[in-house]
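Structure first, then comments.
Quick note: the coordinates plus some simple rules give every number you see, no bench work behind them. Quantities reported herein were computed from a predicted structural model and do not represent experimental measurements. Because the Cβ atoms are built from the backbone with ideal geometry, glycine has one as well, and the counts that use them run over all protein chains shown.
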Amino acid sequence: MPTFKGWGDRQIILGLTVVALCLFCFNLGNVPLRDWDEGTRALVAREIFRTGNWLHPTQFGEPYLNKPPLMDWLVTLSYRLGGVNEWTSRLPGAIASALGVPLLYCLGKELFAEKQQSIRAALLSASVYLTLLPVVRHGRLLMLDGLVLTAMILSFWCFLKAEKQKVFGLGIGVGFGIITFTKGLLVLPIVAIALLFSLRDKRWQIIKNFYLWLGCLIGFLPVIWWYWSQINHYGQIFIDVHFLSQGIDRVSDTVENHQHPPWFYILEIAKYTAPWLFFLPQSYRLIWQEQYEKHGQLILGGSMFYGFLISTMGTKLPWYIMPIYPFMALAVGYYLSGFDELRSTKYYRFPFQYCFYFLSILTALSAIYFVFTDPQTSLILMSLAIAAMFGIAGWYWQRKSQNFITTFIVGMYATLGLLFCSTSWLWEVNEAFPVKQTGEIIRTQTPETTKLFTTFGYSRPSLDFYGDRQILPANLDDIQTEQYWLVDHGAFEANQQHFPEFEILGQSETFKLIHTKKET
């Protein structure tokens, strides 16, 4: 691991900011927007952009009541600067997510301040966070989680700094306000983590900090104003939708069939956090041993409290786990910073080199797989980069050299960069039919404000975005004259005799766009 001798905090923070922005913002527009969050967020932001209705967002003219509008406002500003496209849609969230990397360094440096290796632990924590696939991939999407994580890290950093420099209390309230204005009730468990930490670490004197309350006023005044305007405008329906069906109901009930076992999030971590997964059990074992110290209380308390909460919720979605990752990065970074002590432990004597060599061979073979199934040069190079990373890391591990840490950091950064060069980094867009070509046909061949119907089984916000029309699933038995239908080829051939007089306006690989006319 580089020592960065002669580097001050400013140089480290600037360096982390630059490398994070490069990775998070690179090639954002090379794949279409996905269902569900991306399509919905883009629809709402585009409607704000067109109508100027910032206070009461709508979707095809209907009230949008699910989430607060901070991210939608940021995306709307991005549309004003660069037009409506995938790149401008994702850019605000990507920038906000990238800023979480230098902020995590600041948090780690403050959290580990009493340790001799505080700078090293903080830098390693930020590096782990930077190279976690779910953090970077979700941060690049038009979703809310990246901004929430950065605001959470900001709040906890300011919480620690405010003990000696009271003015940092401003950042606590502002950070919590950003979380509330982005994802509503999610602020409650994050505030609960801060309260538990303040009680365990005896930091309750912070409530006397004037700047804390001033920061809460600054952070929450816009939130209170917006919520009051929604309740005043929509009444009980806003409370039912925003707070109940989109908030509290997800804790106790399964919403939209997102039901999974309690260990769902453990599997999510296991699937997507390599190579840092190898050091995760021992990292938390070390944190458990130091649970009464400042860093142990925050990392362990935050991980356990939030992990237990989301594991017991009725509704489980992959991105609900995102607030765990900053704590996980801090734990792994702190553990790896004690490499000199690590070399003398039984854990280090575990023959991980054989695991790394096996993974090196496996990923090298995957390059051959991509040659025949998905011959994108970037994916082939990515497989070779992962193979080289694990092979070199295994060699360093076997020789008890700390360079295996640098190998993983550089290797994962290069791997993620190559992944984002490809069109496969957003694999969910391939779960159903391609929307961009179909949406272009709809947009050019149907009148504006037209409502369409489709034989596809469910609504797709991304198709609505690209088609610029509302497209609703329906049964062909309900077909009427003067309607526009998106009918898959099989259904069209099987039911053509039941159609009224019709005109085919266009077709894609999957669908025909049909206008049913009045019978003469």
To the nearest 0.05, the calculated FRET efficiency linking residue 188 and residue 214 through their beta-carbon distance, R0 being 25 Å, is 0.70
Cα-Cα longer than 23 Å, checked against 67/161; 109/166; 109/400; 183/271; 161/208; 161/271, kept in input order, equals 67/161; 109/400; 183/271; 161/271
Rounded to 0.05, the calculated FRET efficiency for the beta carbons of residue 199 and residue 234 at R₀ = 45 Å is 0.75
Within the range 231-326, DSSP-loop trypsin sites (Lys or Arg not before Pro) with at most 16 other C-beta atoms within 10 Å are none
Taking only C-alpha positions in the range 179-324, Rg and Dmax in angstrom work out to 18.2, 53
Per the rule of 0.36 nm per residue minus the C-alpha distance, extending residue 489 to residue 368 adds in nm 40.1 nm
Per DSSP loop assignment and a cutoff of at most 10 other beta carbons within 10 Å, the chain keeps its longest run without exposed GluC sites (Glu not before Pro) at 257-430
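At a Förster distance of 30 Å, what's the computed FRET efficiency of residue 280 paired with residue 259, Cβ-Cβ distance as r, to 0.05?
Numbers: r = 26 Å, r/R0 = 0.87.
Efficiency at R0 = 30 Å is approximately 0.70.
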So the angle from the long Cα axis of helix 169-183 to the longest Cα principal axis of the chain, reported in degrees to the nearest 10, equals 30 degrees
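Lys and Arg at +1, Asp and Glu at -1: add these up for the other residues within a Cβ distance under 14 Å of residue 507 and post the number. Please report the intermediate quantities before stating the final value.
On the way: positive: 512; negative: 440, 488, 493, 503, 509.
Counting the neighbours of residue 507, the net charge comes to -4.
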A chain fully extended from residue 476 to residue 246 at 0.36 nm per residue, minus the present Cα-Cα distance, gains in nm 79.7 nm
Distance in Å, no decimals, from the C-alpha centre of the range 483-499 to the one of the range 164-216 is 57 Å
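Inverting the mean 1/r over all pairs of different Cα atoms, compute the Kirkwood radius of the chain and quote it in Å.
Values: mean 1/r = 0.0399 Å⁻¹.
Every distinct Cα pair counted, the radius reaches 25.1 Å.
Provide the gained length on full extension for the span residue 165 to residue 267, in nm with one decimal, where the gain is 0.36 nm per separating residue minus the Cα-Cα distance. Write down the numbers at each step before the final one.
On the way: separation 102, 0.36 × 102 = 36.72 nm, distance 4.08 nm.
Here the answer is 32.6 nm.
Over the chain, what is the relative contact order in whole percent, taking alpha-carbon pairs under 8 Å and six or more residues apart? Let's see the in-between values first.
Values: 796 pairs, mean separation 76.4, N = 520.
Computed value for the chain: 15 percent relative contact order.
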One checks the Cα atoms of the range 398-520 and finds Rg and Dmax, in Å, of 22.2, 85
Placing each pseudo-label 7 Å from Cα in the direction of the beta carbon, residue 501 and residue 403 end up separated by a distance in nanometres of 8.0 nm
